[in-house]
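Q: One structure, as structure tokens, below. Some questions next.
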Amino acid sequence: MTRRAPRSLLVAVASACAVLGCMSLVFAEMKAAPLAAPLAAGTGGPEATMVGFRKTGEGTALVYVQLSAPVQVRSKDEGKTLTFTMKGVSVPKKNNRNPLVTSHFASFVDRIRLVPSGKDTDLVIELKMQARASVQVVRLGEGAVLEVHLTAEPQAKTSTSE
């Protein structure tokens, strides 16, 4: 016996497609997903579950990482690259290790990456120009959010004397 998607789901997808103007619609056989993905070996500590970016104003931005628990953070400023090491944090979902390219948002932030580094994880923010950063870990229920508030440094004007 073949499992089929519930009719209500198919109708919802077809309706959404009609509203969005899809040219064609392909229905794939759905398989039941497990309720929870197994943890990778050696984990059990805090996990980074999502990285995000928001332009908050002219010359300001917010980079954030959702975490399963509060963590300690160490920062390092190397010019146009800011690195924030989250102690004991793992990134179990491979997709969360892909770069978040922000250069198309008319922002001074170029891209953001979560990079596993031994037992820790680095949040690496690559900038188009230097910026000041303020960091805080905000507790949310059982989890937390690492917030990095960025302010672009004013560009030094160069003058040529004749």
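No lab work stands behind these numbers, since they all come straight from the coordinates. If you're wondering where the values come from, they're calculated on a predicted model, not measured in any experiment. Please note: Cβ atoms are built from the backbone with ideal geometry, for glycine as well, and neighbour counts cover all protein chains shown.
Q: What nm value, rounded to one decimal, do you get for the distance between V137 and N98 when each label is placed 7 Å out toward the C-beta?
A: 2.8 nm
Q: Tally Lys and Arg at +1 and Asp and Glu at -1 over the other residues with C-beta under 11 Å from the C-beta of V109: what net charge comes out?
A: On the way: positive: R54, K55, K80, R111, K128; negative: D110, E126.
Spelling it out: positives minus negatives among the neighbours equals +3.
Q: Of the listed pairs K94/K119; K55/K94; K76/K128; K55/K128; K55/K80, which have alpha-carbon separations greater than 23 Å here?
A: Numbers: K94/K119 16 Å; K55/K94 25 Å; K76/K128 17 Å; K55/K128 14 Å; K55/K80 18 Å.
Exceeds cut-off: K55/K94.
Q: Here's another thing I want to ask about it. So which GluC sites (Glu not before Pro) in segment 54-154 are both in a DSSP loop and have at most 13 other Cβ atoms within 10 Å of their Cβ?
A: Numbers: sites: E58, E78, E126, E142, E147; in loops: E58, E142.
Counting only loop positions with at most 13 other Cβ atoms within 10 Å, the GluC sites (Glu not before Pro) in segment 54-154 are E58, E142.
Q: What net charge is computed for the residues neighbouring D120, neighbours being all others with C-beta under 13 Å from the C-beta of D120, Lys and Arg scored +1, Asp and Glu -1? The partial results should precede the final answer.
A: Details: positive: R74, K76, K87, K119; negative: E47, D122.
Every neighbour counted, the sum reads +2.
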